[in-house]
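The values are calculated or read from the model by the stated rules, or taken from the named source; none is laboratory data. A quick note: this is a predicted structure, and the numbers were derived from the prediction, not measured. Backbone-built Cβ (ideal geometry, glycine too); neighbour counts: all protein chains shown. All accessible areas refer to the heavy atoms of the entire protein, side chains included, with ligands and DNA or RNA removed. Shrake-Rupley method; radii C 1.70, N 1.55, O 1.52, S 1.80 Å.
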Amino acid sequence: MKVRVLGCSGGISQGLATTSFLIDDDILIDAGTGVCDLTLDEMRRIKHIFISHSHLDHVASIPLLADTLFDDLIGKPLIVHALPETIKALRDHIFNWTIWPNFTELPHKTNAVLKLEAAESGTVFDLSGRKIEMIDVNHSVPGVAYRVESEGKVFAFSGDTTSNENFWASLNKHDALDLLFIESAFTNSDIELAKVAFHYCPQLLAEDLVKLEHKTKVCISHLKPGAEQIIMAECEAALPDWEFHQLKIGDIFQL
Ligand SMILES: [Zn+2]
Ligand SMILES: [Zn+2]
């Protein structure tokens, strides 16, 4: 399995883009502004998009992808998988003919270029042997993490979340974890903001990370632009025995 980081920042600027990861060459996990890193040919290979939650930094590229790839998607639609609440939010607030045309009815309802498919947390998808599990987390809107297993190798991504039990318990149920992307959006000085925004800061993350029974490579994502060095230093100080990596745009992991 190949995991390519298209975007992993809490914001945008030159060299920074919001959350999107490409699994092999046909599956996107989240579709933030990082999707713009792909060439047109690379975009054409995407068949499935798994969305963690409805926030703009994770869905911004879906409407633009549907438009850009319109001709290619006729007869072979792009399929978006997410929680029912997330699908409803996309329908109500993006594909509503005001913010963007409803591509789930274009060019015709029976032959649309975009499919929005709701799935309950706990669902395990099987795409050509790659098993993708939706795991409930704890964010300000309904949100999920994803655990992806392919040929015995496992990658997990937390989505946006703050303190919770379910993500860690779900990872512990399985034997293997080879790569973990976990968010820490704020510095410790913003711990109250992290709590009300339902994100981690290094202190909250460290309190949860010790629940993980797998010793694995831990990459921190969703860092607030400009605060990256402080967040990474605070992660390292909170759990000195753990090895933390700052996830960066363009990173490629071959599992
Ligand atoms: Zn969010
Ligand atoms: Zn976010």
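If only one of Lys211, Lys224, Lys173 is open to solvent by 40 Å² or more (accessible area, probe 1.4 Å), within 16 Å of ligand 1 (Cβ to nearest atom) and modelled with pLDDT of 95 or more, which one is it?
Exactly one residue qualifies, and that residue is Lys224.
(1) open to solvent by less than 50 Å² (accessible area, probe 1.4 Å); (2) closer than 20 Å to Met43 by Cα: which one isn't true of Ser128, the others all being true?
Of (1) open to solvent by less than 50 Å² (accessible area, probe 1.4 Å); (2) closer than 20 Å to Met43 by Cα, only one is false for Ser128: (1).
Report yes if some residue within the stretch 82-89 is under 30 Å from Gln229 (Cα atoms), within 16 Å of ligand 2 (Cβ to nearest atom) and surrounded by 15 or more Cβ atoms within 10 Å (Cβ to Cβ); otherwise report no.
Checked against the condition, which is being under 30 Å from Gln229 (Cα atoms), within 16 Å of ligand 2 (Cβ to nearest atom) and surrounded by 15 or more Cβ atoms within 10 Å (Cβ to Cβ), the stretch 82-89 yields no hits at all.
Collect the residues in the stretch 10-65 that are under 21 Å from Gln246 (Cβ atoms) and among the charged types (D, E, K, R), keeping them in residue-number order.
Those that are under 21 Å from Gln246 (Cβ atoms) and among the charged types (D, E, K, R): Asp30, Asp37, Asp57.
Is it true that Ser121 is touching a strand residue (DSSP E or B) at 6+ places or on another chain (Cβ under 8 Å), within 16 Å of ligand 2 (Cβ to nearest atom) and polar (S, T, N, Q)?
no
Could you say which residue among Ala206, Ala233 is open to solvent by 50 Å² or more (accessible area, probe 1.4 Å), more than 16 Å from ligand 2 (Cβ to nearest atom) and not β-branched (Val, Ile, Thr)?
Ala233 is the lone residue from the list that is open to solvent by 50 Å² or more (accessible area, probe 1.4 Å), more than 16 Å from ligand 2 (Cβ to nearest atom) and not β-branched (Val, Ile, Thr).
Tell me, which residue of the stretch 61-72 that is of a type outside the set (Ser, Thr, Tyr) and open to solvent by 10 Å² or more (accessible area, probe 1.4 Å) is farthest from ligand 2 (Cβ to nearest atom)?
It comes out as Asp71.
Looking at the stretch 24-55, which of its residues are among the aliphatic types (A, V, I, L, M) and in contact with a Gly (Cβ under 8 Å, 6 or more places away or on another chain)?
Passing the criteria: only Val35.
Please verify whether the stretch 28-36 includes one or more residues that are more than 16 Å from ligand 1 (Cβ to nearest atom), out of contact with any Phe, Trp or Tyr (no Cβ under 9 Å at 6 or more places or on another chain) and closer than 17 Å to Gly250 by Cα.
yes
Scan Glu151, Glu120, Glu105, Glu133 and give me the residue that is in contact (Cβ under 8 Å) with a residue 40 or more places away in the chain and of a type in the set (Asp, Glu).
Sole residue among the options that is in contact (Cβ under 8 Å) with a residue 40 or more places away in the chain and of a type in the set (Asp, Glu): Glu151.
At least 1 residues that are of a type in the set (A, V, I, L, M), out of contact with any helix residue (DSSP H, G or I) (no Cβ under 7 Å at 6 or more places or on another chain) and open to solvent by less than 30 Å² (accessible area, probe 1.4 Å) in each: list the strands (runs of 3 or more DSSP E) lying fully within the stretch 1-60 that qualify.
In the stretch 1-60, 2-7, 20-23, 27-29 are the strands (runs of 3 or more DSSP E) which contain 1 or more residues that are of a type in the set (A, V, I, L, M), out of contact with any helix residue (DSSP H, G or I) (no Cβ under 7 Å at 6 or more places or on another chain) and open to solvent by less than 30 Å² (accessible area, probe 1.4 Å).
Restricting the first residue to the stretch 210-221 and requiring it to be free of Cβ contacts under 8 Å to residues at least 12 places away in the same chain, which pairs with a second residue that is assigned to a loop (DSSP other than H, G, I, E, B) and open to solvent by less than 20 Å² (accessible area, probe 1.4 Å) meet a Cβ separation below 9 Å and a spacing of at least six or different chains?
From residues that are free of Cβ contacts under 8 Å to residues at least 12 places away in the same chain, the pairs are Lys215/Leu177.
For the stretch 140-170, how many residues meet the condition of being of a type in the set (Gly, Ala, Ser), more than 16 Å from ligand 1 (Cβ to nearest atom) and open to solvent by less than 40 Å² (accessible area, probe 1.4 Å)?
Adding up the residues that qualify gives 3.
Pairs please, first residue from the stretch 1-26 and on the phi < 0 side of the Ramachandran plot and modelled with pLDDT of 95 or more, second anywhere and surrounded by fewer than 23 Cβ atoms within 10 Å (Cβ to Cβ) and among the aromatic types (Phe, Trp, Tyr), Cβ atoms under 7 Å, 6+ apart in sequence or on different chains.
Val3/Phe253
Output the number of residues of the stretch 176-187 satisfying the condition of being touching a residue at least 40 places away in the same chain (Cβ under 8 Å), open to solvent by 10 Å² or more (accessible area, probe 1.4 Å) and farther than 21 Å from Gly226 by Cβ.
Selection size over the stretch 176-187: 1.
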